[in-house]
Every structure is written in structure tokens, then in C-alpha cells.
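Asker: Here it is, the structure in full.
The values are calculated or read from the model by the stated rules, or taken from the named source; none is laboratory data. Fair warning: this is a prediction, and the values are worked out from it, not measured in the lab. In this analysis, Cβ positions are derived from the backbone assuming ideal geometry, glycine residues included, and neighbour counts consider all displayed protein chains. Accessible surface is based on the protein model in full, side chains and every heavy atom, while ligands, DNA and RNA are left aside. Shrake-Rupley method; radii C 1.70, N 1.55, O 1.52, S 1.80 Å.
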Amino acid sequence: PGLDLYAEMTPAKEVGGDLYDFTLHGDLLYLCVGDVAGKGVPASLFMAQAVRLFHALVLQQLSPREIANRLNIDLSENNDNGMFVTMFIGCADLQTGHFSFCNAGHNPPVIGGSDQGGTFIPVESNAPIGLWPKMDFVGEEIDNIKGRPLFIYTDGLNEAENPQQEQLGDERLLDIVRHVRFHNARQTIEHIHAEVERHRQGAEPNDDLTMMCLRLN
């Protein structure tokens, strides 16, 4: 009750490197959306390891910043292939609407409820997870996101290409989100996905595409 959440992942190939996850601990909703560098089996294995570790750290009810730091230490260890993952990690209090988050080199989410109908959240860029074990990530927070749709995605959205290799782009992405009449999270995701397909004009996907939308009521 009080939570509307929907997510979907569409791999560009048979095996993808994108990830999303969410889990409830009492009134706390933990979530993450990530994009592993590269494609195919190596990226998929790194992705699976990141999700497994995320779950283990959430059980300790750590802050998103602490989760990012711990993930980074674990995934940097014996990382001879130089794999890394960009990730947005968040924790929402369903009662108060307080939202803490850590953005690890990932695309900034879009939040609704502004005069414009939607804006990119100003985020610390930080670095991706898995490259530098001594990295200290910066955590951030929003006092209350109740009633404000939150849209998180991977760069398979803004970098989606048409046959002329023209990308959808951040401005077009923002324009699409601003013109979605929010009924529920699933309808919002499906509308944006349809707009991406319209932009592609039949071109094959050039990257995995993952989207998550949620609203606390």
C-alpha cells in the first residue's frame, strides 16, 4: 500500500549486462539500477555478482552510500579484466517519503512534480563501481518524494539510435517524460518504451535498455 513501482529490462543480445533490483525491509524500499560495461557473458556474470552483493548489503540496512562503498571494495577485488558497473542506488522511506541515494557514475534520474513536469535530479557523478577500491562515494538525499514520480534508466534509453545513428538524447528523453500523463508506473514505462521504438524506426537495439518508475503515495 502506498507504493506504485514497475521496472523492465530489455537486453540488446541474448545475454545482458544491465540490472535492476528492489526489496522492502519494513517501511524501507531499497532499489538499484545498473549498467555493466561491455556485453555478453562476462558482463552478465559481473552483473549477477553485483546483484547478489546488493542483496546481502541491503539485509544489513546500510545507507546507499555505504552500499556503494562496500560493493566497490568487493567488486574491485581480483578484477583483472577491469570490469565496472555504473549504478544508481536508492532507499525510500514509505512513511515519510525521505529518499537517500548514491549515484555511481550513472545517468541522473528524472523526478516529476516540478513546474516543468519533470527534471533531472542534480547528482554527484562519483565514479563507477569496481575500478578503484579506495573510492569514497558521496551520498545524497531528497526530503520527500511522495507524490512525485521517479524515473530511473540506463543509457540504452538516451543513447538509443535510429538507422541514421542519431541518438534519442537527453533533451528528447526529458521531453517524453514531461509529456507522459502519469496514471501508474507501468503505463509510464510502456509509453516511454513505445517512444524509444518509434525513434529507432526498426533499427536493432545498440544497447541493453532498463527502466524503473516508482511513486510513493
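Asker: Just checking, which of Gly90, Gly97 is open to solvent by less than 30 Å² (accessible area, probe 1.4 Å) and either more than 19 Å from the chain's Cα centre (by Cα) or at positive phi (or both)?
Answerer: Gly97
Asker: Follow-up question, since we're still on this one. Do you know which residues across the stretch 177-217 are farther than 14 Å from Gly156 by Cα, over 16 Å from the mean Cα position of the chain (by Cα), open to solvent by 30 Å² or more (accessible area, probe 1.4 Å) and in contact (Cβ under 8 Å) with a residue 60 or more places away in the chain?
Answerer: Arg178, His179, Phe182, Asn184, Asn217
Asker: Between a residue in the stretch 20-33 that is open to solvent by less than 10 Å² (accessible area, probe 1.4 Å) and any residue that is acidic (Asp, Glu), which pairs come within a Cβ distance under 6 Å, given they are 6 or more apart or on different chains?
Answerer: Correct list of pairs: Cys32/Asp21.
Asker: Are any residues in the stretch 56-73 under 19 Å from Val138 (Cβ atoms) and surrounded by fewer than 24 Cβ atoms within 10 Å (Cβ to Cβ), and if so, which ones?
Answerer: Passing the criteria: Leu57, Leu62, Ser63, Arg65, Glu66, Asn69, Arg70, Ile73.
Asker: Which of the residues that make up the stretch 58-87 are at positive phi and small (Gly, Ala, Ser)?
Answerer: Passing the criteria: only Gly82.
Asker: If you don't mind, another one. Taking only the stretch 1-21 into account, find how many residues are at pLDDT 95 or above, within 16 Å of Thr188 (Cα to Cα) and not aromatic (Phe, Trp, Tyr).
Answerer: 5
Asker: Answer with yes or no whether Gly156 is in contact (Cβ under 8 Å) with a residue 24 or more places away in the chain and in contact with a Lys or Arg (Cβ under 8 Å, 6 or more places away or on another chain).
Answerer: No, not satisfied.
Asker: Another one. Hand me the list of strands (runs of 3 or more DSSP E) wholly inside the stretch 33-147 holding 1 or more residues that are among the acidic types (Asp, Glu).
Answerer: In the stretch 33-147, 85-93, 140-142 are the strands (runs of 3 or more DSSP E) which contain 1 or more residues that are among the acidic types (Asp, Glu).
Asker: Output the residues belonging to the stretch 121-155 that are more than 20 Å from Met47 (Cβ to Cβ) and among the polar types (S, T, N, Q).
Answerer: Ser125, Asn144
Asker: Could you grab me the full set of residues in the stretch 119-150 that are surrounded by 17 or more Cβ atoms within 10 Å (Cβ to Cβ), at positive phi and small (Gly, Ala, Ser)?
Answerer: Once the filter is applied, which keeps residues that are surrounded by 17 or more Cβ atoms within 10 Å (Cβ to Cβ), at positive phi and small (Gly, Ala, Ser), the stretch 119-150 yields only Gly130.
Asker: Within the stretch 150-176, how many residues are assigned to a helix (DSSP H, G or I), hydrophobic (A, V, I, L, M, F, W, C) and more than 15 Å from the chain's Cα centre (by Cα)?
Answerer: 2
Asker: What is the residue count in the stretch 67-86 for residues that are touching a helix residue (DSSP H, G or I) at 6+ places or on another chain (Cβ under 8 Å) and in contact (Cβ under 8 Å) with a residue 60 or more places away in the chain?
Answerer: 1
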